[in-house]
Ligand SMILES: [Zn+2]
C-alpha cells in the first residue's frame, strides 16, 4: 500500500512537472527556435510549436553548437509533417499532442490520489485517526470507542427522516 501510494505520488508530481515543462517548451517555441549541433547527419530542433528531426541538413543550417533565434514572425505549426529533398529530409512532430496526453494522464493520477485519500479518510476513525481496515462496518473504534462513520451517517439519516436513531 505504501509503495503504491509512493508510485501514485511520483506519477502525480512527475506528471505535473512534465506538463509544465512541455507547456513552457510548446508556448516558448512560438517565439524561439532552438537548433542542436549536427550529430552525424542528424540535427534536432524545437520551434514553431514542433520538434524537428532533420537528416543531411544543408550546409547553411549546420552549426557547431546549439543555436537559437527569434522566430515570432514565422507561422506556427499544428500538424505532423514529413519533407524530403535531394539534400535533406525532415520529420516534424507537433508538441501539443504530447502535452495533451501528459495532461490527461496526470489528471487521472491526481484523481486516483484524491480517491485514495478519501478512501483512507473513510477507512480510519473520525475521532482519533486509527485505521479501521479489517474491522466490521458497525464496530466501534478499538482505540477510542467512537462510532464508525457509517453508523453516524445512518443515525443522521434516520434523524433527518424523523425517526429516532437506533443503536447498532
Ligand atoms: Zn478512534
In the set 165, 148, which member is touching a helix residue (DSSP H, G or I) at 6+ places or on another chain (Cβ under 8 Å), modelled with pLDDT under 85 and surrounded by 11 or more Cβ atoms within 10 Å (Cβ to Cβ)? 165
Considering every residue within segment 51-68, establish whether at least one is modelled with pLDDT under 90, touching a strand residue (DSSP E or B) at 6+ places or on another chain (Cβ under 6 Å) and exposed (fewer than 14 other Cβ atoms within 10 Å of the Cβ). yes
Can you run down the residue pairs with Cβ atoms below 6 Å, 6 or more apart or on separate chains, where the first is in segment 118-131 and more than 10 Å from residue 143 (Cα to Cα) and the partner is assigned to a loop (DSSP other than H, G, I, E, B) and more than 8 Å from the ligand (Cβ to nearest atom)? 123/132; 123/133; 124/132
For segment 9-38, how many residues meet the condition of being assigned to a helix (DSSP H, G or I) and closer than 30 Å to residue 70 by Cβ? 13
Residue tally, condition near the ligand (Cβ under 8 Å from one of its atoms) and at pLDDT below 85, over segment 129-145: 1
Return yes or no: is residue 91 surrounded by 14 or more Cβ atoms within 10 Å (Cβ to Cβ) and closer than 30 Å to residue 109 by Cα? no
Filtering segment 118-128 down to residues that are within 14 Å of the ligand (Cβ to nearest atom) and not in a loop (DSSP other than H, G, I, E, B), which residue is surrounded by the most Cβ atoms within 10 Å (Cβ to Cβ)? 124
Residue that is in contact (Cβ under 8 Å) with a residue 12 or more places away in the chain, on the phi < 0 side of the Ramachandran plot and part of a strand (DSSP E or B), where the choices are 110, 78, 68: 68
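The values are calculated or read from the model by the stated rules, or taken from the named source; none is laboratory data. These numbers come from a predicted model, not from an experiment. Virtual Cβ from ideal backbone geometry, glycine too; neighbours counted across all protein chains shown.
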